[in-house]
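Working notes, beginning with the structure itself.
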Amino acid sequence: MKSTTPEAEWHQLPGTMREGEPRDADVLLDFLMKHRGHLRVWRPDTAQTRELQFLVEDRRQLVDEKTRCLNRRTQRLKLLAGTHPLP
């Protein structure tokens, strides 16, 4: 039976770093040092913002549903016009 340390087992997990790969902290530090002026503080959404997001999403779904219905009706009318031409 092969004995391994917890560190060795951790390095065998998918998505973990191998030797020679850049460390996340180093990449983040480099980004912070070069682009600090472009970053802004994260602020969680307010209750009003979340409500607005839900309302906008609901409206988008309703518009999409309306478009689907109109497209179905148009397609049916085209099919009917082909089978029953107007005089």
Any residue that is in contact with a His (Cβ under 9 Å, 6 or more places away or on another chain) and either modelled with pLDDT of 90 or more or loosely packed, with under 10 Cβ neighbours inside 10 Å (or both) - is there at least one of those in the stretch 17-36? yes
Residues of the stretch 48-70 being over 21 Å from the mean Cα position of the chain (by Cα) and either among the polar types (S, T, N, Q) or at pLDDT below 95 (or both), which ones? Q48, T67
Consider Q75 against the criteria (1) outside any helix (DSSP H, G or I); (2) modelled with pLDDT of 90 or more: it satisfies all of them except one. Which criterion is unmet? (1)
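The values are calculated or read from the model by the stated rules, or taken from the named source; none is laboratory data. In this text, all values refer to a predicted model and were calculated from it rather than measured experimentally. As a convention, Cβ positions derive from the backbone with ideal geometry for all residues, glycine included, and neighbour counts pool all protein chains shown.
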